[in-house]
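In what follows, a structure is listed as structure tokens, so that the remarks can point back to it.
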Amino acid sequence: MSGLAPGAPEVAADHPEPPQTDLSPIADAVEDAGAAGFVAVGDRFADDVRYLSRFGGPDRDYAVVVTADRAALTAPGLFDEQAETEFVDAAPDDGVAREVRTEGQRGPAGRRAANVLDDLADADSDTVLTPADIPHDAALYLENAGYELSSTTAVDDARLTKTEAELACLSRVQAVTCRGMARAEAVLAAAEPDGDDLLFEGEPLTTEILRREVDAEMASHGIRSAGNTVIGSGSTAADLHYTGIDHIAPGETVLLDISPRGPHGYYGDLTRTFVVGSDGGWERRAFVAVEAAHEEALTNVEAGATAGTVHEEAAAELTAHGFRIDSSEVGFTHGVGHGVGVSLHEGPSLRADTPLQAGNVVTIEPGVYDPDIGGVRIEDLVAVTEDGYERLASYPVRFTPVNAE
């Protein structure tokens, strides 16, 4: 059989250049608040810190400190050169002078951040802006140094709209995500019904076998699974985050939600639902409804549109097809979409009463579920434009899986 189902996009051989972060919105927030500075603390898995520093350091905490015109990264020991390259040398011309601080590299990140503030802060203020999720120990070190913490959404706000460099990263990851989906579809198309089994290469097909095929295809293009490749079949397809092992049987919905993370920290996100050997029952009716809701939601995506309207219109379409929207277990049980970037779930929410902005990147993912039968969801990743949207990569919507041959 062919390795991929038709419709998978080509993937560029090289990864895009790493994006750089304009720190001026953070510096402006410090100045507007009359604060001593801004502090974020975390390791390379902390998305705000990764976004602010573009530093792919170790899994131990370090800090990013920003004042009204300066910024410092407290590099962990043995990472000085990498920190200089990623935080300083590649920095954009945003009016914020960057440096790497190496003093006390074995000391707690919060204490080091307080020392940097003592040295860099110009404002006669004891206020320090921080993200709401600053680690507790870092907050205590700052408070013990005499600073008063004030939560800010400045980083969340800056992350809402993506630059061209960020869009390039997201597009490449999404293209590879489509290749993973194409591999899954090809496997399902090649599987042969045999009683209660689907046989693939002579063995009963499971969600784990399918997951391995998806993840291996993405890895061949340099994109790793983030350990969250969701594949459910039948009743487990109604579990929004199922990553376990389940038998795949003919006539059941097979829901695949694939969301890997690229080398620069950006995620892909794509969901399709297939059925092998459908008898045209609940699963077909659900697929028709979700496909219609998906198309209706997309027609409402454009800069200036109220984000929550996208959800409301999708929900109305599902209601018109006879599916519930008032239950946490049956029918449409979640929001129609969310932002994606260096976090898999970030702003904007498509349930919010706020306008969409050009440069937002959001999922469109209506779905309906019945824990006794299965689940259907269709999801694409799109960038909001002034007059609509652009898919970051395209993959066909099909009920019955298709083999490339």
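The values are calculated or read from the model by the stated rules, or taken from the named source; none is laboratory data. Treat the numbers as computed from the prediction; the structure is a model and nothing was measured. Neighbour counts run over all protein chains shown; Cβ positions are idealised from the backbone, glycine included. Accessible surface is based on the protein model in full, side chains and every heavy atom, while ligands, DNA and RNA are left aside. Shrake-Rupley method; radii C 1.70, N 1.55, O 1.52, S 1.80 Å.
Rg and Dmax of the range 58-123, based on Cα coordinates, read 11.5, 32 Å. Computed over the range 174-245, relative contact order equals 27 percent, with contacts defined as Cα pairs under 8 Å that lie 6+ residues apart.
Length available on full extension from residue 102 to residue 126: 0.36 nm per residue minus the Cα-Cα distance, which gives 6.3 nm. Each of the peptides 3-14, 103-114, 371-382 was scored by the mean count of other Cβ atoms within 10 Å over its residues; in descending order, highest first, they stand as 371-382, 103-114, 3-14. Size estimate for the range 255-405 follows the Kirkwood approach: the inverse of mean 1/r over distinct Cα pairs works out to 15.7 Å. Note: the range 6-124, Cα convex hull, 130 Å³ per residue.
Computed on the Cα trace of the range 79-212, the radius of gyration divided by the Kirkwood hydrodynamic radius gives Rg/Rh = 1.23. So, in Å, what gap is there between the alpha-carbon centers of the range 264-317 and the range 121-167? Between the Cα centre of the range 264-317 and that of the range 121-167, the gap is 36 Å. Only helices reaching 20 angstrom along their own axis (Cα) with mean Kyte-Doolittle hydropathy no lower than -1.0 count here, and for the DSSP H runs of the chain these are 164-190, 282-299, 307-320.
Determine the relative contact order of the range 186-305: mean sequence separation of Cα pairs under 8 Å and six or more apart, normalised by residue count, in whole percent.
20
For the range 168-295, the fraction of 1.4 Å probe accessible surface lying on carbon and sulfur atoms is 46 percent. Taking 0.36 nm per residue of separation and subtracting the Cα-Cα distance, full extension of the segment from residue 295 to residue 137 would add 52.2 nm. The alpha-carbon atoms of the range 215-300, seen along their principal axes, cover 42, 38, 20 angstrom, with the largest extent given first. Rounded to whole numbers, the Karplus 3J(HN,Hα) couplings from phi for the range 365-381 are 9, x, x, 9, 9, 9, x, 8, 10, x, x, 10, 9, 10, 9, 10, 10 Hz, using 6.51 cos²θ - 1.76 cosθ + 1.60 with θ = phi - 60°, and x at Gly and Pro.
Tell me, how many Å apart are the Cα centres for the range 47-63 and for the range 70-118? Measuring centre to centre over Cα atoms gives 10 Å.
Across the range 203-261, Cα-Cα pairs farther apart than 16 Å form 38% of the total. Taking N as the residue count of the range 308-392, its C-alpha radius of gyration divided by 2.2 N^0.38 Å amounts to 1.12. For the chain, the percent of C-alpha pairs falling in each 20 Å distance bin, counted from 0 to the bin holding the largest distance, reads 27, 49, 23, 2.
Here the alpha carbons of the range 108-173 define both size measures, Rg and Dmax, at 15.6, 46 Å.
Probing with 1.4 Å while keeping every protein chain in the model, the per residue accessible area of the range 195-290 equals 37 Å². When only Cα pairs below 8 angstrom with a gap of at least 6 residues are kept, the chain shows a relative contact order of 16 percent. Taking each DSSP H run with n ≥ 4 as -39500 (n - 2.57) and averaging over every residue of the chain yields -9000 deg cm²/dmol at 222 nm.
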